[in-house]
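Notes follow the structure.
The values are calculated or read from the model by the stated rules, or taken from the named source; none is laboratory data. Since we're looking at a predicted model, the values are computed, not measured. Here the Cβ positions follow ideal geometry from the backbone for every residue, glycine too, while neighbour counts run over all protein chains shown. Side chains are part of the model used for accessible areas, which takes the heavy atoms of the whole protein and leaves out ligands, DNA and RNA. Shrake-Rupley method; radii C 1.70, N 1.55, O 1.52, S 1.80 Å.
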Amino acid sequence: MALLFAACAETPLPRTANAVRKWVGPPVNVPGGGQFRTVIYYGPWQCSRQLMDYCANKCSGSGHALQGCMWLADVKMDFQGTVMRAGSRFGMTHCCCNYGKLSPDQTAAARSRWSNARPGFREAWANRFGAWPTEPNGRLYEGHHVRDLWHGGNPTDWDNIIPFPKDLHTELFDLYNECYANDPPWTQVGVDYPYGE
């Protein structure tokens, strides 16, 4: 997962800049004064040149080849204090390296580890960010593993999990397969920021 200032372009998914899904977290009080708020914008989009280069380096650094790059979400954190305002934006990126696939038993074991850790993980996430996101009907967002479990992703690593709405999460399975197959648009560099605020 890349935690970088991200710039990406839209994929052929049926979303426009105005239709980008976002989750707005509650304000969280900061010790010493002030508050921050987390906002997550959901893709996926093609990666910018910066993120494509990041993924190429990440893959080659572990002895793998880059097959595609998918910018999954933009996580924005804004701070407001008594004397200043500040913010950050991080691109959460899946690098489709040519990782070997785990066996079905290994994948099931990783999924079981996540299932056992999920309630505690969501609670700890909520303590940091104010809430685990929910759908309008109250259903909790699913936890998405940025590096998927069947390619060796860590099932309980903080840097490998992001809350994802169920309908968008369901789409990611086929899109990940495209990315690992070295198929466009995930092999192509996109443009900066595909959505407006």
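From the list Tyr195, Tyr176, which residue is open to solvent by less than 30 Å² (accessible area, probe 1.4 Å), in contact (Cβ under 8 Å) with a residue 24 or more places away in the chain, assigned to a loop (DSSP other than H, G, I, E, B) and aromatic (Phe, Trp, Tyr)?
Going through Tyr195, Tyr176 in turn, just one is open to solvent by less than 30 Å² (accessible area, probe 1.4 Å), in contact (Cβ under 8 Å) with a residue 24 or more places away in the chain, assigned to a loop (DSSP other than H, G, I, E, B) and aromatic (Phe, Trp, Tyr): Tyr195.
Just need a number here: residues in region 25-56 that are outside any strand (DSSP E or B), open to solvent by 50 Å² or more (accessible area, probe 1.4 Å) and either among the hydrophobic types (A, V, I, L, M, F, W, C) or over 17 Å from Pro184 (Cα atoms) (or both).
We begin by selecting, within region 25-56, every residue outside any strand (DSSP E or B); these are 25-27, 30-34, 48-56.
If we keep only those that are open to solvent by 50 Å² or more (accessible area, probe 1.4 Å) as well, we get 27, 31-32, 49-50, 53-54.
If we keep only those that are either among the hydrophobic types (A, V, I, L, M, F, W, C) or over 17 Å from Pro184 (Cα atoms) (or both) as well, we get 27, 31-32, 50, 54.
Residues in region 25-56 being outside any strand (DSSP E or B), open to solvent by 50 Å² or more (accessible area, probe 1.4 Å) and either among the hydrophobic types (A, V, I, L, M, F, W, C) or over 17 Å from Pro184 (Cα atoms) (or both): 5 in total.
Can you find, within region 81-113, the residue that is most open to solvent (accessible area, probe 1.4 Å) among those that are in a strand (DSSP E or B) and more than 30 Å from Gln188 (Cα to Cα)? Spell out how you get there, then give the answer.
Here is the first cut: in region 81-113, the ones in a strand (DSSP E or B) are 85-97.
Add one more test, that the residue is more than 30 Å from Gln188 (Cα to Cα), and what stays is 85-86.
On the way: Arg85: 182, Ala86: 47 Å².
Going through the qualifying residues, I end up with Arg85.
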Out of Pro163, Pro155, sole residue that is open to solvent by less than 20 Å² (accessible area, probe 1.4 Å) and either in a loop (DSSP other than H, G, I, E, B) or farther than 17 Å from Tyr42 by Cα (or both): Pro155
If you check every pair at least six apart or on different chains, which have Cβ atoms under 8 Å apart with a residue in region 56-72 that is in contact (Cβ under 8 Å) with a residue 40 or more places away in the chain first and a residue that is open to solvent by less than 50 Å² (accessible area, probe 1.4 Å) and among the β-branched types (Val, Ile, Thr) second? Cys69/Thr93; Met70/Thr93; Trp71/Thr93; Leu72/Thr93; Leu72/Val146; Leu72/Ile162
Within region 125-149, residues in a helix (DSSP H, G or I) and modelled with pLDDT under 95 come out as Trp125, Ala126, Asn127, Arg128, Phe129
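Tell me the residue from Glu142, Glu123 that is loosely packed, with under 14 Cβ neighbours inside 10 Å and acidic (Asp, Glu), please. Break it down into steps so the answer makes sense when it comes.
Numbers: Glu142 fails: loosely packed, with under 14 Cβ neighbours inside 10 Å.
Result: Glu123 is the single residue among Glu142, Glu123 that is loosely packed, with under 14 Cβ neighbours inside 10 Å and acidic (Asp, Glu).
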Suppose the filter is touching a Gly at 6+ places or on another chain (Cβ under 7 Å), modelled with pLDDT under 95 and open to solvent by 40 Å² or more (accessible area, probe 1.4 Å); does Asp78 pass it? yes
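Identify all residues within region 57-80 that are hydrophobic (A, V, I, L, M, F, W, C), farther than 20 Å from Pro184 by Cα and not in a strand (DSSP E or B); write none if there are none. Even if it seems obvious, please write down each step before you answer.
So the first thing to find is which residues in region 57-80 are hydrophobic (A, V, I, L, M, F, W, C), and the list is 59, 65-66, 69-73, 75, 77, 79.
From what's left, farther than 20 Å from Pro184 by Cα: 75, 77, 79.
Listed by number, the list is empty, since nothing qualifies.
Considering Gly68, Gly43, Gly34, which residue is within 22 Å of Ile162 (Cβ to Cβ) and at pLDDT below 95?
Values: Gly68 fails: at pLDDT below 95; Gly34 fails: within 22 Å of Ile162 (Cβ to Cβ).
None of the other options fit; the residue is Gly43.
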